[in-house]
Amino acid sequence: MNKDLAIYLQALNSTNCGVIITDNTQRDNPIIYCNKAFETMTGYSTDEIIGHNCRFLQAQDRSQSERKKLRESINNGEDCKVEIRNYKKNGTLFWNELFISPVKNENGEIIHFIGIQNDITDKKNTEHQLREEKHSVEKKITERTKELTDKEAFLSSIIQTVRESLLVLDADYRVLSANSHFLSSFKVTLDDTLGKVLFELGNHQWDIDQLKELLTKILPTNNPVVDYEVEHHFPHIGKKVMLLNAYRIEFEGEYKDRILIAIEDITEKKELDRRKDDFLSVASHELKTPLTTIKGLIQLLQRMAPNGPTDKFISLLDKASVYVDRLNILITELLDTSKIQSGNIELHKDPFDIDTLMRDTIENLSMANSSYKISLSGNTKATVNGDELQISQVINNLISNAIKYSPEADKVDVNMNVVGSFIKITVTDYGMGIHADDRTKIFERFFRANNIQKKFPGLGIGLYVSKEIIANHKGTLWVESEVGEGSTFSFTLPIMKKENDGK
């Protein structure tokens with residue numbers, strides 16, 4: 001690496017300001033570099049940032065006027081400064097003071113943008129507090145007292161009526177409140193619970209290492225713990241699998257030394273999921289054998305067709321073969337899902353040329369979908385170390401979905417490029433798009449959006465399998481979409497380092 005460049009990179013990683021660099025020559029101006037301070041500020045790692053457009057930091061908060069100002073400045077190639085609301089990986093809001101500046105080449109063309117970020121959340125909070133202090137002190141105290149009283153009564157009502165075990169703890173983890181569902185579920189009395197340290201309840205049956213780790217992370221960080229799974233064997237009630245959510249109790253933005261814990265008993269659900277996965281695995285394996293036999297018999301009939309077979313005879317055999325192939329794909333996806341859930345999915349990694357794989361896959365899909373134009377742009381000249389068949393499966397799935405869910409369109413655009421030490425593949429369709437509520441669930445197992453369940457057949461596992469495959473290859477898969485404007489699915493894969501890279 002060039003010595004001067006190494007010094008510059010070391011300097012960038014030493015600054016407290018977040019620094020990003022985007023590639024304006026590529027589609028959607030993706031991020032190709034970020035420093036350590038930007039990782040710390042956002043909570044994302046470099047691998048999760050590279051390839052994204054900066055707007056992903058605004059999450060669903062897309063109506064900010066500052067976004068329009070940024071777009072105009074980028075389109076006009078101008079410097080720009082904005083204060084914009086961003087969201088960390090854990091969903092926490094932070095205010096970002098952002099400076100962007102274009103970088104031009106010797107021909108005056110804008111090839112990059114540099115963004116400098118400062119977290120000004122404390123400044124914004126201070127400004128808000130100063131505005132609040134303009135109000136009458138006596139009125140504020142009266143209103144605050146009433147509000148706290150109302151919230152305490154409201155919280156108490158929730159704790160007692162909700163059908164989930166709820167606890168309120170103080171800073172020393174002593175139980176201040178427990179609802180009736182907790183008492184009945186864990187076979188304890190109120191007298192034996194209130195005022196006791198959680199870890200000492202029921203003759204120390206709550207002395208759980210995972211639980212201690214969870215709670216000791218809450219008070220210092222102010223961050224909630226969401227869907228933390230704990231498995232424990234209780235002496236009197238047996239084995240329990242619990243889903244824990246824990247929050248600091250907050251009043252007007254100020255955190256108090258109180259912890260609210262919600263405990264959901266998912267023991268039966270986990271057992272049902274296990275049985276369901278076992279059933280899927282066994283059923284899929286059992287279906288494979290007769291299906292293979294049926295496929296072989298159809299092929300045999302096609303070869304043994306009588307002289308001068310009728311068009312109807314040939315058509316029926318061809319249709320049977322097509323439907324057997326479709327069923328075989330569904331069973332394969334079910335098997336993949338079962339393997340992923342059990343952790344038994346296998347990777348057969350070897351170096352392969354990603355550009356060749358993309359061209360071959362698209363050529364085959366184009367032949368099978370002659371009414372659609374599948375255009376491929378860009379190139380990477382990169383080698384990827386991975387399971388070529390699984391990556392081909394992901395590409396097939398994304399492009400097939402793009403065709404399937406855009407029946408009124410006649411084209412799909414595919415682009416590939418290098419972003420940092422990754423290759424980035426994007427598949428863009430011009431179909432119905434995905435609702436914001438569905439985008440957060442689209443990669444879940446068996447999830448299907450409400451507006452497509454009746455119109456389009458499927459099991460809702462293709463994207464789940466694809467995301468797991470990409471994750472197993474140390475990449476990321478995501479979607480950007482607006483209803484009525486189509487969807488763009490993107491994924492990244494790390495480029496295989498050469499032995500003489502020296503990186």
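In region 344-411, which GluC sites (Glu not before Pro) are in a loop and have at most 16 other Cβ atoms within 10 Å, using DSSP for the loop call?
Filter output for region 344-411: Glu346, Glu408.
Quick one: if the Förster radius is 25 Å, what FRET efficiency do Glu143 and Asp257 give, using the C-beta to C-beta distance and rounding to 0.05? Write out the running numbers ahead of the final one.
Values: r = 23 Å, r/R0 = 0.92.
Here the calculated transfer efficiency is 0.65.
For region 351-390, what class follows from the C-alpha gyration tensor (a ≥ b ≥ c being the square roots of its eigenvalues): rounded when a/c is under 1.5, otherwise prolate if a/b is larger than b/c, else oblate?
oblate
Can you give me the pair-distance distribution of region 165-272, C-alpha pairs, 10 Å bins, whole percents?
14, 50, 30, 6, 0
What translational D, rounded to a whole number of µm²/s, comes out for region 4-92 from Stokes-Einstein when the hydrodynamic radius is the Kirkwood one over Cα pairs, at 10 °C and 1.306 mPa s?
112 µm²/s
Near the amide H of Ser177, under 5 Å away, which other amide H atoms are found, from residues 5 or more places off or on another chain, if H is placed in the peptide plane?
Long-range HN contacts for Ser177: Val168.
Would you mind checking the pairs Lys424/Lys467; Lys319/Lys411; Lys349/Lys381; Lys295/Lys467 and listing those with alpha carbons more than 21 angstrom apart? Mind dumping the intermediate values first?
Numbers: Lys424/Lys467 14 Å; Lys319/Lys411 26 Å; Lys349/Lys381 19 Å; Lys295/Lys467 30 Å.
Over 21 Å apart, Cα to Cα: Lys319/Lys411; Lys295/Lys467.
When N is the residue count of region 1-151, what does its C-alpha Rg come to as a fraction of 2.2 N^0.38 Å?
Relative to the rule-of-thumb radius for its length, region 1-151 sits at 1.32.
Could you give each residue of region 110-126 its phi-based ³J(HN,Hα) in whole Hz, using Karplus coefficients 6.51, -1.76, 1.60 with θ = phi - 60°, and x for Gly or Pro?
7, 10, 9, 10, 10, x, 10, 10, 10, 7, 10, 4, 4, 5, 5, 5, 5
Could you run the Karplus curve 6.51 cos²θ - 1.76 cosθ + 1.60 with θ = phi - 60° over region 194-199 and give me ³J(HN,Hα) per residue in whole Hz, x for Gly and Pro?
So the J values, rounded to whole Hz, are 4, x, 8, 5, 3, 5.
Taking θ = phi - 60°, what integer Hz values does the Karplus form 6.51 cos²θ - 1.76 cosθ + 1.60 yield along region 424-432, in sequence order, with x for Gly and Pro?
Taking θ as phi minus 60°, the curve returns 10, 10, 10, 10, 10, 10, 10, x, 6 Hz for region 424-432.
Only the coordinates and a few stated rules stand behind these numbers; no lab work does. It should be emphasised that the depicted structure is a prediction, and the values quoted were computed from it without experimental measurement. Glycine gets a Cβ as well: all are built from the backbone with ideal geometry, and neighbour counts include every protein chain shown.
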